[in-house]
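Heads up: the structure comes next, in structure tokens.
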Amino acid sequence: MNVTELLAGLQTQHDETTAWAGELRDQIQHLTASLAETEARLADLATTAKVIAELASAGGDPDPPETNTAYQAIVNAFNQHPDQVFRARELHELLDMPTDEASVSITRSRLGRLTRQGFLTQPGRGRYQKRT
């Protein structure tokens, strides 16, 4: 192999490598733009989730599933005894729920909500009955 052929081979490799480097730069530029768009979208999603969580905690949305279970137990008790009047503590005893004052107080607020929703009536102070 002579020097001219060697230089021509090197030039060909140089040209191919330069072309490949250009393609890689284009890919990097495209990926950088895609990454920036994706990070912006992630930021938007995080902001949206934060706003929705704040609005949800402000009220209006249903309670979390674990309290929905308590609501369902209360509703079931009234459905099983539609003519009976209950106090919050009596419901706790009927449903084998804790009878400490904090737990009963939470049930009182649940009963108030069910009354506001029209499921229950209040025939007397602290007494609740299924609306017929």
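The values are calculated or read from the model by the stated rules, or taken from the named source; none is laboratory data. This structure is a prediction, so every number in the text was calculated from the model and none was measured. Virtual Cβ from ideal backbone geometry, glycine too; neighbours counted across all protein chains shown. Areas reflect the complete protein model, heavy atoms only, side chains present, ligands, DNA and RNA absent. Shrake-Rupley method; radii C 1.70, N 1.55, O 1.52, S 1.80 Å.
For the subset of the stretch 77-104 comprising residues that are of a type in the set (Gly, Ala, Ser) and in contact (Cβ under 8 Å) with a residue 12 or more places away in the chain, which member is surrounded by the fewest Cβ atoms within 10 Å (Cβ to Cβ)?
Residues of the stretch 77-104 of a type in the set (Gly, Ala, Ser): 77, 88, 102-103.
Okay, now just the ones that are also in contact (Cβ under 8 Å) with a residue 12 or more places away in the chain, so 77, 88.
On the way: Ala77: 16, Ala88: 22.
By that ranking, first place goes to Ala77.
Go through Thr107, Thr12, Thr4 for me and flag whichever is loosely packed, with under 10 Cβ neighbours inside 10 Å, without any contact (Cβ under 8 Å) to a residue 40 or more places away in the chain, over 23 Å from the mean Cα position of the chain (by Cα) and assigned to a helix (DSSP H, G or I).
Details: Thr107 fails: loosely packed, with under 10 Cβ neighbours inside 10 Å; Thr12 fails: loosely packed, with under 10 Cβ neighbours inside 10 Å.
Checking each option against the conditions leaves just Thr4.
Taking the stretch 29-48, which residues are open to solvent by 100 Å² or more (accessible area, probe 1.4 Å) and either of a type outside the set (A, V, I, L, M, F, W, C) or modelled with pLDDT of 95 or more (or both)? Even if it seems obvious, please write down each step before you answer.
Residues of the stretch 29-48 that are open to solvent by 100 Å² or more (accessible area, probe 1.4 Å), as a first pass: 29-31, 37, 39, 41-42.
Scanning the stretch 29-48 gives Gln29, His30, Glu37, Glu39, Arg41.
Somewhere in the stretch 65-76, is a residue at pLDDT 85 or above and open to solvent by 100 Å² or more (accessible area, probe 1.4 Å)? Show your work before the answer.
So the first thing to find is which residues in the stretch 65-76 are at pLDDT 85 or above, and the list is 72-76.
Next cut, open to solvent by 100 Å² or more (accessible area, probe 1.4 Å) only: none.
Scanning the stretch 65-76 turns up no residue that is at pLDDT 85 or above and open to solvent by 100 Å² or more (accessible area, probe 1.4 Å).
Just need a number here: residues in the stretch 112-132 that are out of contact with any strand residue (DSSP E or B) (no Cβ under 8 Å at 6 or more places or on another chain), open to solvent by less than 100 Å² (accessible area, probe 1.4 Å) and of a type in the set (Lys, Arg).
Of the residues in the stretch 112-132, 1 are out of contact with any strand residue (DSSP E or B) (no Cβ under 8 Å at 6 or more places or on another chain), open to solvent by less than 100 Å² (accessible area, probe 1.4 Å) and of a type in the set (Lys, Arg).
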